[in-house]
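**Student:** Below: one structure in structure tokens.
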Amino acid sequence: MSRFHTKSRSARTLILAILLFTLTTLTSVEAEKTTITMWWQGLGDSEAAQRIINGFNESHPWVEVDLVMEGSLSAGAGLDKVKTAIAAGTPPDVVYLGMHILPELYKGGFIIPIDEVLSEEFLASIDYLPAPRQLTTLNDRVLGVQFRTDARGMFYNTVHFNEVGLDPAVGPEYIADLDAYAERLTRWGNDGNIDRLGFAPRSNNFLSELGWLWVFGGSPYDFERNRPTLTGNPAHVRAIEWIASYAQKYGATASATPALFQSQDASMRLDSTSRINLLNTQAPDVQWRVSHIPYPQEGGVRTTNSSGPGPVIPYGASNVEATAELIKYMASKEVQMEWYRLTQQPPARADAMLELIANDEIVDEREIAMLELMPNGFGVPPLFIGVLQPLFVPGMDQVRRSEITPLQLLENVQRESESAYQELFDL
């Protein structure tokens with residue numbers, strides 16, 4: 001046999017060995033791949049969420065995320081579903097939901113604090129905006145990782161501004177300006193009813209009016225004691241008195257609802273960054289801009305309210321290590337920037353937001369007017385949505401009808417919410 005044939009046979013043997021080794025290795029990797037299940041709230045974000053998860057699956061071939069899209073998982077039947085699955089010992093590996101309910105989930109034993117899974121160094125490296133950092137922590141514990149956020153501002157109809165001689169390029173700066181603008185913009189019919197409402201604090205996207213307590217310079221929550229601090233602060237009384245003054249001027253049911261702003265039957269409304277795309281799609285003929293939230297010239301605060309969801313690990317999750325990799329991926333600046341490109345929902349990371357602005361990827365002046373307030377923004381305190389709002393809203397309507405005083409409202413809500421806070425935090 002010639003030397004050529006011997007070398008050729010040896011080469012074929014070597015190639016065959018390499019192919020067999022490669023196939024064995026791939027089969028081994030495939031066999032060792034970990035599959036994790038993720039519940040993601042937000043059916044309207046299905047396509048974007050799947051693209052984010054596909055990116056993770058491609059960059060982490062040893063992990064496969066099975067994405068299950070859900071409606072809201074932060075309240076009502078959706079939250080009950082999460083808690084029931086955890087209690088039954090059959091939870092998903094990760095749940096994407098609102099960060100404002102983290103204390104409730106943690107104290108109830110429903111989630112594993114993220115600081116037990118990810119290192120202190122890594123968590124400290126996340127360049128959060130103030131509100132997301134506030135939402136994801138409880139005293140000295142880090143409970144979750146926020147993925148995206150939002151901000152609020154004063155939306156106003158520029159056509160209406162022009163009609164009454166107001167500069168459409170500038171919204172109301174102070175509360176006194178807001179009051180004056182509301183009066184000029186409101187149109188009364190011959191029957192004494194309102195044909196077009198300039199503004200009313202009721203039905204805005206601002207923690208069911210509780211947000212005004214911060215704007216007036218108040219401090220409605222003690223994050224060290226984990227208790228609401230509604231009483232004993234004159235700023236809170238002033239805020240309630242101001243809200244009630246609109247009922248005296250325009251009626252107890254006067255409301256600046258999304259539908260009224262969209263139909264141009266209300267000239268101004270306080271809303272969030274999430275409303276921008278909705279208005280562009282649902283009401284393309286409405287001409288509008290956004291300014292900061294007006295505040296009292298004396299003692300007020302130029303601020304905004306911010307919330308947002310993120311991934312958490314349920315107690316009893318079977319693949320914590322693989323889930324931790326997914327959460328680290330979602331915490332990265334690059335992935336949060338990609339989410340904005342897909343959805344126009346702002347990232348929770350400050351460095352991601354700043355880079356998007358620097359790259360001219362966030363260019364809508366209406367959005368920037370809200371985002372620039374976020375360094376001085378506040379998050380949603382524990383139980384404010386599930387406990388305080390259901391007490392505050394009907395009580396505020398009583399104030400509007402002059403059935404109770406602002407001070408009585410604050411005292412009632414403080415007293416009636418105490419048992420819920422004791423139950424949650426004094427375990």
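**Student:** Name the residues in the range 108-118 that are open to solvent by 40 Å² or more (accessible area, probe 1.4 Å), touching a strand residue (DSSP E or B) at 6+ places or on another chain (Cβ under 8 Å) and not aliphatic (A, V, I, L, M), would you?
**Tutor:** If the condition is that a residue be open to solvent by 40 Å² or more (accessible area, probe 1.4 Å), touching a strand residue (DSSP E or B) at 6+ places or on another chain (Cβ under 8 Å) and not aliphatic (A, V, I, L, M), then Phe110, Asp115 are the ones that fit.
**Student:** Going through Pro381, Pro406 one at a time, which residue ends up being surrounded by 15 or more Cβ atoms within 10 Å (Cβ to Cβ), in contact (Cβ under 8 Å) with a residue 40 or more places away in the chain and under 20 Å from His100 (Cβ atoms)?
**Tutor:** Answer to the check: Pro381.
**Student:** Another question about this same structure. Select from the range 258-273 the residues that are among the hydrophobic types (A, V, I, L, M, F, W, C), closer than 16 Å to Gly153 by Cα and either assigned to a helix (DSSP H, G or I) or within 23 Å of the chain's Cα centre (by Cα) (or both) and list them in ascending order.
**Tutor:** Phe261, Met268, Leu270
**Student:** Of all residues in the range 231-255, which are part of a loop (DSSP other than H, G, I, E, B) and either under 16 Å from Met268 (Cβ atoms) or without any contact (Cβ under 8 Å) to a residue 24 or more places away in the chain (or both)?
**Tutor:** Gly232, Asn233, Ala254, Ser255
**Student:** Okay, next question. Does Ile276 satisfy the condition of being open to solvent by less than 20 Å² (accessible area, probe 1.4 Å) and either in a strand (DSSP E or B) or not basic (Lys, Arg) (or both)?
**Tutor:** yes
**Student:** Here's a check for you: in the range 281-292, which residue that is within 20 Å of the chain's Cα centre (by Cα) and of a type outside the set (Gly, Ala, Ser) is nearest to Pro172 (Cα to Cα)?
**Tutor:** It comes out as His292.
**Student:** Do the conditions hold for Ile101, that is, is it under 15 Å from Leu143 (Cα atoms) and either modelled with pLDDT of 95 or more or of a type in the set (Asp, Glu) (or both)?
**Tutor:** yes
**Student:** Moving to a separate point now. In the range 349-356, is there at least one residue being open to solvent by less than 70 Å² (accessible area, probe 1.4 Å), in contact with a strand residue (DSSP E or B) (Cβ under 9 Å, 6 or more places away or on another chain) and either under 30 Å from Gly232 (Cβ atoms) or not in a helix (DSSP H, G or I) (or both)?
**Tutor:** The answer is yes, given that some residue of the range 349-356 is open to solvent by less than 70 Å² (accessible area, probe 1.4 Å), in contact with a strand residue (DSSP E or B) (Cβ under 9 Å, 6 or more places away or on another chain) and either under 30 Å from Gly232 (Cβ atoms) or not in a helix (DSSP H, G or I) (or both).
The values are calculated or read from the model by the stated rules, or taken from the named source; none is laboratory data. None of these values were measured; they are calculated from a predicted model. Positions of Cβ are generated from backbone atoms using ideal geometry, with glycine treated the same way; all protein chains shown enter the neighbour counts. Accessible surface areas use protein heavy atoms only, side chains included; no ligands, DNA or RNA. Shrake-Rupley method; radii C 1.70, N 1.55, O 1.52, S 1.80 Å.
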